[in-house]
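Here's the structure we're looking at; comments come further down.
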Amino acid sequence: MEKDFIVRTKNVDFFYGAFRALSDVTVDFEKNKVTALIGPSGCGKSTLLRLLNRMNDLIDGTRVEGEILLEGRNIYAPDVDPVEIRQRIGMVFQKPNPFPKSIYNNITYAPKLSGIVDSEEIEALVEESLRQAVLWDEVKDILTKSAMTLSGGQQQRLCIARALAMKPDVILMDEPSSALDPISTAKIEELIDTLKKHYTIIIVTHNMQQAARISEYTGFFYLGKLIEFNATEKIFTNPDVKQTEDYITGRFG
Amino acid sequence: MKNRKHSLTKHTKEIAIRNLFGFFAFLSVLLFGLILVFLFREGLPLFKQISVTDFLFGTAWYPTYEPPEYGIWPLIVGSLAVTFFACLIAVPLGILSAVYIAEIAPGGIKEILKSVIELLAGLPSVVLGFFGMVIVGPWLQETFDLPTGLNIMNAAVMLAIMAIPTISSISEDALYAVPREFKEASYALGATKYETIIRVIIPAALSGISTAVILGMARAIGETMVVLMVAGGAAAIPESIFDAVRPMTASIAAEMGEAPFRSGHYHALFATGIVLFVITLAFNLIADYISNRFRETGSGTL
């Protein structure tokens with residue numbers, strides 16, 4: 001069966017000023033699968049993630065070489081609008097970062113930007129997104145309350161719902177549960193499992209068990225290089241590269 | 001034994017230093033209290049002669065006539081009018097320049113703008129007043145064909161120039177204090193820079209910006225030299241923004257030297273000072289209330 005790759009990177013180098021954060025990263029992300037990126041701190045996994053929706057554009061003095069393709073189109077081509085890319089590739093951050101607005105207005109933020117004005121359509125979208133993020137039952141009676149009153153785990157699911165309301169194809173998650181307690185983490189992992197039916201998920205995680213539990217593919221990064229990319233099962237049982245094995249068995253990092 | 005002695009002197013020293021700092025901290029409170037007592041002691045005797053209502057809402061200010069009239073309503077209106085129009089100019093300019101400096105301007109321009117606005121804050125008010133008198137006044141008079149260029153309009157422009165640095169720098173701090181996470185979230189949801197500024201950054205900084213505006217207003221209403229020089233000095237209720245007025249501060253500054261010690265006029269000027277004090281105190285309390293309220297609820301449901 002021919003695999004359907006939604007995002008591919010080709011020989012990507014990335015520089016913060018003179019510092020080379022990524023070198024020659026080539027990796028393909030399969031559609032509607034969960035791909036985990038692991039590696040020690042500073043290995044470049046988060047940098048790669050933030051390259052995929054052009055978030056690194058916001059940092060001065062950075063430079064990208066190579067190609068990153070979303071459905072065959074280079075997202076760093078001069079005629080591409082980063083806003084359009086970010087609408088198709090949602091992102092969930094390490095620290096839950098809901099806006100200091102009501103729960104309802106958090107969800108409607110992106111749809112309103114993209115010009116949806118019909119109030120019934122927006123209401124339906126709010127319910128749908130919150131249901132998808134398994135938050136609806138907890139917040140349906142307090143939609144007008146500030147998102148800041150929710151717990152950390154609820155805030156993170158709200159952030160996921162907020163990204164889903166944009167109807168993206170890909171969702172990037174940058175250590176989404178590292179600031180959460182174990183129960184909230186379990187909920188996020190369950191959620192990722194249901195979301196992959198409709199979305200491609202790329203997740204950066206420090207937690208190797210988490211990568212093993214939730215992902216189909218895993219990429220191991222070390223010092224800005226992609227050391228190994230393989231099916232998760234293979235990476236965690238019988239990796240091809242010695243360095244991967246050393247990292248997974250806890251010999252460094 | 002030697003060690004113990006050493007630690008004892010150290011302890012004494014600690015106490016001495018703590019008390020010294022405490023003394024200096026309370027010194028300003030003490031001074032403020034004394035000034036307040038003085039203000040009320042010199043101002044309140046006026047109300048043996050006239051009622052508070054006649055004082056506040058009386059429309060005639062003829063302190064040197066026989067019998068004198070101490071109605072400060074025209075002075076209050078004068079102060080409020082110049083402050084209101086100054087804010088009309090200074091609030092948008094101050095906030096917009098803060099947004100530009102904090103969010104938009106590239107490095108070099110940002111530094112230049114910041115220092116220029118700080119310089120503006122350091123401009124002596126008498127210099128601004130002089131500028132208003134000899135440049136803006138004649139220009140207004142000629143352009144609008146007025147009997148005098150020293151009026152509400154002129155004072156408002158000058159006060160605005162004084163209030164802009166206050167509003168701008170406090171707003172700027174509020175904008176910087178907006179967490180980076182909010183901005184990233186907004187960009188990641190497909191917002192442009194301007195959408196992010198308008199929908200996320202400014203609302204999140206609103207409490208700080210409101211405080212900035214109110215402190216800017218307090219600055220304008222308490223300013224003396226500029227209004228003394230360019231507001232025109234007429235103690236009458238104005239009918240247009242090209243009328244001359246005599247704000248409370250200008251009145252106190254201009255007349256105090258001529259008012260006989262402990263005369264009715266003298267007490268009336270101190271009572272005017274009390275009114276001014278109450279107004280600026282109210283501004284400060286409002287600013288404090290707003291910044292606390294918004295802080296507690298994390299900007300709430302904006």
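The values are calculated or read from the model by the stated rules, or taken from the named source; none is laboratory data. Remember, predicted model here, so these are calculated numbers, not experimental data. Glycine gets a Cβ as well: all are built from the backbone with ideal geometry, and neighbour counts include every protein chain shown.
Structure summary
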item: In region B:38-61, the residues that are surrounded by 13 or more Cβ atoms within 10 Å (Cβ to Cβ) and free of Cβ contacts under 8 Å to residues at least 40 places away in the same chain; result: B:ILE50, B:ASP54, B:GLY58, B:ALA60
item: Yes/no for B:VAL200 being out of contact with any strand residue (DSSP E or B) (no Cβ under 6 Å at 6 or more places or on another chain), buried (at least 22 other Cβ atoms within 10 Å of the Cβ) and within 14 Å of another protein chain (Cβ to nearest Cβ); result: yes
item: Filter result (of a type in the set (D, E, K, R) and within 27 Å of the chain's Cα centre (by Cα)) within region B:188-221; result: B:ARG219
item: Unique match (being surrounded by 14 or more Cβ atoms within 10 Å (Cβ to Cβ) and within 13 Å of chain B (Cβ to nearest Cβ)) among A:TYR76, A:TYR104; result: A:TYR104
item: Some residue of region A:174-196 being away from every other protein chain (no Cβ under 14 Å), within 16 Å of A:VAL7 (Cα to Cα) and not in a loop (DSSP other than H, G, I, E, B); result: no
item: Looking only at region B:215-235, and only at residues there that are farther than 21 Å from B:GLY273 by Cβ and in contact with a helix residue (DSSP H, G or I) (Cβ under 7 Å, 6 or more places away or on another chain), the one that is surrounded by the fewest Cβ atoms within 10 Å (Cβ to Cβ); result: B:GLY216
item: Residue count, region B:38-89 (criterion: among the aromatic types (Phe, Trp, Tyr) and in a helix (DSSP H, G or I)); result: 8
item: Hey, B:ALA212 crowded, with 20+ Cβ neighbours inside 10 Å, touching a residue at least 40 places away in the same chain (Cβ under 8 Å) and either more than 25 Å from B:SER291 (Cα to Cα) or away from chain A (no Cβ under 14 Å) (or both) or not; result: yes
item: Residue that is out of contact with any helix residue (DSSP H, G or I) (no Cβ under 9 Å at 6 or more places or on another chain) and within 12 Å of another protein chain (Cβ to nearest Cβ), where the choices are A:GLY66, A:GLY115; result: A:GLY115
item: Lone qualifier among B:ALA105, B:ALA98, B:ALA121, B:ALA81 - being under 30 Å from B:PHE57 (Cβ atoms) and either touching a Phe, Trp or Tyr at 6+ places or on another chain (Cβ under 6 Å) or hydrophobic (A, V, I, L, M, F, W, C) (or both); result: B:ALA81
item: Residue match in region A:225-236 (condition: on the phi > 0 side of the Ramachandran plot and buried (at least 16 other Cβ atoms within 10 Å of the Cβ)); result: no
item: Residue in region B:254-272 that is among the aliphatic types (A, V, I, L, M) and either out of contact with any Leu (no Cβ under 8 Å at 6 or more places or on another chain) or at pLDDT below 90 (or both) present; result: yes
item: Hits in region B:124-173 - residues which are in contact with a Phe, Trp or Tyr (Cβ under 8 Å, 6 or more places away or on another chain) and part of a loop (DSSP other than H, G, I, E, B); result: B:PHE144, B:LEU146, B:GLY149, B:ASN151
item: Test: residue in region B:223-235 that is assigned to a loop (DSSP other than H, G, I, E, B), under 15 Å from B:THR83 (Cα atoms) and touching a Ser or Thr at 6+ places or on another chain (Cβ under 8 Å); result: yes
item: Positions within region A:174-201 being among the hydrophobic types (A, V, I, L, M, F, W, C), in contact (Cβ under 8 Å) with a residue 12 or more places away in the chain and out of contact with any Gly (no Cβ under 9 Å at 6 or more places or on another chain), in sequence order; result: A:LEU191, A:ILE192, A:LEU195, A:ILE201
item: Members of region A:123-172 found to be small (Gly, Ala, Ser), touching a residue at least 40 places away in the same chain (Cβ under 8 Å) and outside any helix (DSSP H, G or I), listed by number; result: A:ALA133, A:SER146, A:ALA165
item: Subset tally (residues that are part of a loop (DSSP other than H, G, I, E, B) and surrounded by fewer than 19 Cβ atoms within 10 Å (Cβ to Cβ)) for region A:197-213; result: 4
item: Subset of region A:79-101 that is in a helix (DSSP H, G or I) and at the interface with chain B (Cβ under 8 Å from one of its Cβ atoms) - its residue that is nearest to the chain's Cα centre (by Cα); result: A:ARG86
item: Residue match in region B:193-208 (condition: more than 22 Å from A:ASN106 (Cβ to Cβ) and of a type in the set (A, V, I, L, M, F, W, C)); result: no
item: Residues of region B:167-189 that turn out to be crowded, with 23+ Cβ neighbours inside 10 Å, more than 8 Å from chain A (Cβ to nearest Cβ) and not hydrophobic (A, V, I, L, M, F, W, C), as a count; result: 3
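Per-residue answers, yes or no, for (1) assigned to a loop (DSSP other than H, G, I, E, B); (2) surrounded by 24 or more Cβ atoms within 10 Å (Cβ to Cβ):
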residue	(1), (2)
B:GLU239	yes, no
B:ALA250	no, yes
B:ARG262	yes, no
B:LEU285	no, no
